[in-house]
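What follows is a single structure, written as structure tokens, with notes after it.
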Amino acid sequence: MSGDRPAVEMAAIVFTDLVGFTEYTDVHGDRAAVDVLDRQSSLVHDELVGQGRIVKELGDGLMLWFGDAHVGLTVARNILASVSAARDRDEFPLAVRMGMHVGEVIERGDDFVGRTVNIASRVADLAGPGELLVTEQVVRSLEGNGETAAFRPVGPTRVKGVSAPIWLHRLAT
């Protein structure tokens, strides 16, 4: 093992979660559930188009990495729209919820770890169906490009494992 310290970088991290996936699997079976996961991956890949990457699959959710918050927001918004459109056409059975945070991450092989990743994951857990919740840090990083008007404040929220409340904002639909 080398004494090199892992690389630290700024990133926007987005977590997705399929709402009702466990119940869907219970009713429709494992093969249908895998089809839903494959369709989700396809929808997300179509929106990423080299702007970010899927870091890993986590059950029915995904961890996404972006080099900056503006790109991450654009792609997250497009994923929400794609999933909603597919649902409207009866091509996708579930809603997606998402959480986003921006800050330093530590690269560990093909993965990223650290407080930023943990917070983004916890924020996704708090989002409702078809909703994107972001932290105050995301909103601040978007100042000056007109994107901040797209958010409505939720307020300070307790997040599991984090000592101080995190200010959250909801993407207005």
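As a length-normalised measure over Cα pairs under 8 Å and 6 or more apart, the relative contact order of the chain settles at 24 percent. Counted by Cβ distance under 15 Å from Ala81, the other residues give a net charge of -1, where Lys and Arg count +1 and Asp and Glu count -1.
Taking the Cα centre of the chain as origin, work out the dipole magnitude from +1 charges on Lys and Arg Cβ and -1 charges on Asp and Glu Cβ, in debye rounded to 20. Numbers along the way, then the final one.
Details: 17 positive and 25 negative charges, 118 e Å.
Its charge dipole is roughly 560 debye.
On the chain, 48 percent of the accessible area sits on carbon and sulfur atoms, based on a 1.4 Å probe. A simple count of charges around Ile166, restricted to other residues whose Cβ falls under 14 Å of its Cβ and scoring Lys, Arg +1 and Asp, Glu -1, yields +4. Charge dipole of region 39-106 (Cα centre as origin; +1 on each Lys and Arg Cβ, -1 on each Asp and Glu Cβ, all else neutral): 40 debye, rounded to the nearest 20.
Given a 1.4 Å probe and the protein chains as shown, Arg53 ends up with an accessible area of around 80 Å².
Scaled to the globular estimate 2.2 N^0.38 Å, the Cα spread of region 69-118, given as radius of gyration, is 1.47. Backbone phi angles across region 12-18, fed through the Karplus curve with coefficients 6.51, -1.76 and 1.60 (θ = phi - 60°), yield HN-Hα couplings of 9, 10, 10, 10, 10, 8, 7 Hz in residue order; Gly and Pro are listed as x.
What percent do you get for the relative contact order of region 110-166 when only Cα pairs under 8 Å and 6+ apart count?
Working: 30 pairs, mean separation 15.2, N = 57.
Reported relative contact order: 27 percent.
For Glu131, the amide hydrogen comes within under 5 Å of the amide hydrogens of Met98, counting only partners 5 or more places away or on other chains and with H modelled in the peptide plane.
What do you reckon, how do Ile54, Ile13 stack up by accessible area (1.4 Å probe), largest on top?
Numbers: Ile54 40, Ile13 0 Å².
The ranking, largest first, comes out as Ile54, Ile13.
Here region 12-70 is treated with +1 on each Lys and Arg Cβ and -1 on each Asp and Glu Cβ, and its dipole about the Cα centre works out to around 200 debye. Computed over neighbours whose Cβ is under 11 Å from that of Pro93, the net charge equals -2, Lys and Arg +1, Asp and Glu -1.
Between the listed residues Leu62, Gly161, Asn118, the Cα displaced farthest toward the positive end of the dipole of the chain, a dipole computed from Cβ unit charges relative to the Cα centre, is found at Gly161. The slack in the chain from Glu57 to Trp167, taken as 0.36 nm per residue of separation less the alpha-carbon distance, amounts to 36.9 nm.
The values are calculated or read from the model by the stated rules, or taken from the named source; none is laboratory data. Since the model is a prediction, treat every value here as computed from it, not as a measurement. No Cβ is skipped: glycine too gets one built from the backbone with ideal geometry, and neighbour counts run over all protein chains shown. Just so you know, the surface numbers come from the protein's heavy atoms only, side chains and all, with ligands and any DNA or RNA stripped out. Shrake-Rupley method; radii C 1.70, N 1.55, O 1.52, S 1.80 Å.
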